[in-house]
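**Student:** This is the structure, below, for whatever I ask next.
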Amino acid sequence: MDLKAQAAIAALDYVQSGMTVGLGTGSTTSYFIDLLGEKLKRGELKDVRGVPTSESTASRARALKIPLVSLDEVPELDLAVDGADEVDPELNLIKGLGRALLREKIVESHARRFIVIVDESKLVPRLGTKGPLPVELVPFAANAQIRWLNTLGCRAELWLEVDGTPATTDNGNYLAKCWFEAGIEDVHQLAEKLVWRPGIVEHGLFLGMANLVIVAGKEGIRKLEALR
């Protein structure tokens, strides 16, 4: 069985009838959404509502007849389940290469418990060692932001579609990709710089948010609990 599917199956054990669950975006979370839809259809779970983190997730959930609500309708979520692009030893994450980092961070910050599902290839000694950090920015003066991002010790570029047009999020914003040659030296310092920069809407550093990381590997399932 696919490792992503194994992680999704393990996460489903934490869903109980009557819960409101944040539904992440990406290939691993798609397995989780499909499995949740099957359990609801079979009556093994009842009265579960989902809060989607992207239009693609909302569309998938609707096709599976998973009832959806928005954060405006519920004060908090019992649970949020999502994947990650990278996970460090402190369970800090890079997320957002599925282009939904802003909505993911909004939804997951409202969850009592945030469960991350990954395969073992996502575990890294330092964030930024395998892939880029995505950053969401407003279209206005986007190239000026790219220039500034390149002063932070990374190689930054605007995320472009195949036809050369800027990639956009569900929020109508642009995205940058930032590569760090040896990984990000200080994730908290970088996050602080990004959050105060006018024109940068959000970044893909999810620090201190994950409560549990479910890792599927060749030796089976591992569960990494946050020490906080």
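**Student:** Among the numbered criteria (1) farther than 30 Å from residue 185 by Cα; (2) in contact with a strand residue (DSSP E or B) (Cβ under 9 Å, 6 or more places away or on another chain); (3) part of a helix (DSSP H, G or I), which one does residue 40 miss?
**Tutor:** It is condition (2) that residue 40 fails.
**Student:** May I ask you to say which residue of 88, 72, 78 is over 16 Å from residue 28 (Cβ atoms), surrounded by fewer than 16 Cβ atoms within 10 Å (Cβ to Cβ) and either acidic (Asp, Glu) or in contact with an Asp or Glu (Cβ under 6 Å, 6 or more places away or on another chain) (or both)?
**Tutor:** 72
**Student:** Taking only pairs six or more apart or across chains, which ones have beta-carbon atoms under 6 Å, a first residue in the range 207-226 that is more than 15 Å from residue 80 (Cα to Cα) and at pLDDT 95 or above, and a second residue that is part of a strand (DSSP E or B) and among the basic types (Lys, Arg)?
**Tutor:** Qualifying pairs under 6 Å: 215/222.
**Student:** Mind checking which residues of the range 30-58 are touching a Leu at 6+ places or on another chain (Cβ under 7 Å) and among the polar types (S, T, N, Q)?
**Tutor:** Selection gives 53, 57.
**Student:** Going by the conditions given, is residue 90 in a loop (DSSP other than H, G, I, E, B), more than 30 Å from residue 187 (Cβ to Cβ) and not β-branched (Val, Ile, Thr)?
**Tutor:** no
**Student:** Looking at the structure I just gave you, is residue 46 part of a loop (DSSP other than H, G, I, E, B), basic (Lys, Arg) and farther than 27 Å from residue 158 by Cβ?
**Tutor:** The answer is yes for residue 46.
**Student:** Please state which one of 146, 66 is over 17 Å from the mean Cα position of the chain (by Cα), buried (at least 18 other Cβ atoms within 10 Å of the Cβ) and not assigned by TED's automatic domain parsing to the domain that holds residue 195.
**Tutor:** 66
The values are calculated or read from the model by the stated rules, or taken from the named source; none is laboratory data. Just so it is clear, the structure is predicted and the values come from calculations on it, not from any experiment. Don't worry about glycine lacking a Cβ; one is built from the backbone with ideal geometry, like all the others, and counts go over all protein chains shown.
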